[in-house]
1. Mind counting the residues in the range 44-67 that are among the hydrophobic types (A, V, I, L, M, F, W, C) and more than 13 Å from ASN91 (Cα to Cα)?
2. Would you please name the residue that is modelled with the lowest pLDDT, looking only at residues in the range 205-240 that are under 25 Å from the mean Cα position of the chain (by Cα) and farther than 15 Å from PHE277 by Cα?
3. Quick one: in the range 261-308, of everything that is assigned to a strand (DSSP E or B) and aliphatic (A, V, I, L, M), which residue is nearest to TRP94 (Cα to Cα)?
4. I'm trying to understand the selection: among the residues of the range 94-115, which are more than 17 Å from ALA33 (Cα to Cα) and of a type in the set (Ser, Thr, Tyr)?
5. Looking at the range 242-278 only, could you name the residues that are among the polar types (S, T, N, Q), crowded, with 18+ Cβ neighbours inside 10 Å and either closer than 25 Å to SER327 by Cβ or modelled with pLDDT under 85 (or both)?
6. Do you know which residues across the range 61-86 are in a loop (DSSP other than H, G, I, E, B), surrounded by fewer than 16 Cβ atoms within 10 Å (Cβ to Cβ) and either among the charged types (D, E, K, R) or modelled with pLDDT of 90 or more (or both)?
7. Based on this model, can you work out whether THR104 counts as part of a strand (DSSP E or B), at pLDDT 90 or above and not acidic (Asp, Glu)?
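The values are calculated or read from the model by the stated rules, or taken from the named source; none is laboratory data. Please read all numbers here as calculations on a predicted model, not as lab measurements. All Cβ positions, glycine included, derive from the backbone under ideal geometry; neighbour counts span all protein chains shown.
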Amino acid sequence: MALITVPPFLYPAFINVLSCNPTYMNMGANGIAGHAFHIPKAGNITKIGFFVYAVSSSGTLSTRIETVANGSPTNMAYKGCVPALTGPLSNTTWYEATLATQATAVVQGDLVMVTHRWSGAAGNIALAALQQAMGMQFPAVYSGSSGGFMAGLPNCTLYYADGTYAPIFGGFPYVSGTTVSYYSATSPNEYGNRFQVPFPCRVKGIYHPNPGQYEYSTFTLYDDSSNVLAQCVWDALNGYGSLGSAFNYFCFPAYTLAVGTWYRIAVKGTSPYNYSFANMGRITTPSAAVLSAYMPNCYSTKRTGAGAWTDENTIWNNIGLILDQVSDNQAALPTIGAVY
């Protein structure tokens, strides 16, 4: 087996979010909301997950998968599914609703829309989507409109009869999100992700959205015993990179990663000043199983100083790898059922 050079790419895929905060699809009386996307995997879909941010009146939410025409739902069920009825609803709650009849023999690549129809005669309900930073527009309906586009990412899950979740391209399941700011005296003062790679590869750097504007930080690749494998230092006061932009990357000496080996990649806030923060976007997902479907073998890790790491298998920190070489051995590559 040898590694071959490829155009640099990001792994895991960059989650195209803005400050890891939600945006909302608001519905009034008898409203409808939803996002269009392509079916990620063939099979039978039995459950749909979604997040209710706020609800101000009683009612029932009817959730199903519909066919799409001209960017709008047709009000026709996809593959025979019968809606899941959920209610009463609570604020800031993730629901995984079981379809009364599953969507049977769904076809990978079919264009569909998960729709939520609100039976409340008054008040308002807001379903959370995820903000994005780079202008992606997803076909959506909301506020009872017949169609349109929304600068937000689908925030729902598809659960299949085989016991797996299939990731929706462009989406990311959200329960809560925040951007933490930290420096040398805070606890924790180092955040990142613990991960494995699915194929032999070479890493040459880190991508990290939204670093602090006046940030002193150390970016480090560790093995699972906290030995330093590669490292670089960011000194924003000296003008390295673009300050506070939506996306930054940092290069360090290249290092070859092995399959089945755990690593950590992390950002430590090294400034002694409480006005010079490192920033880390953090997204909490509904469960470890959901995060694993979207980010296999990759989840949050954090620590203070040189202390023990705390791992969080439902949280993903917005940082990842820049790869520039991969294995030329086809047998070493994983079988991917759904492309994210």
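1. The initial filter retains those residues of the range 44-67 that are among the hydrophobic types (A, V, I, L, M, F, W, C), namely 45, 48, 50-52, 54-55, 61, 65.
Those still in the list that are more than 13 Å from ASN91 (Cα to Cα) too: 45, 48, 61, 65.
Within the range 44-67, residues that are among the hydrophobic types (A, V, I, L, M, F, W, C) and more than 13 Å from ASN91 (Cα to Cα) number 4.
2. TYR207
3. My answer is ILE283.
4. THR98, THR101, THR104
5. Narrowing the range 242-278 to residues among the polar types (S, T, N, Q): 242, 245, 248, 256, 261, 270-271, 274, 276.
Right, trim to crowded, with 18+ Cβ neighbours inside 10 Å and you get 248, 270-271, 276.
Across the range 242-278, the qualifying residues are ASN248, SER271, SER276.
6. Residue satisfying the conditions is GLY80 alone.
7. For THR104, the condition - part of a strand (DSSP E or B), at pLDDT 90 or above and not acidic (Asp, Glu) - is met.
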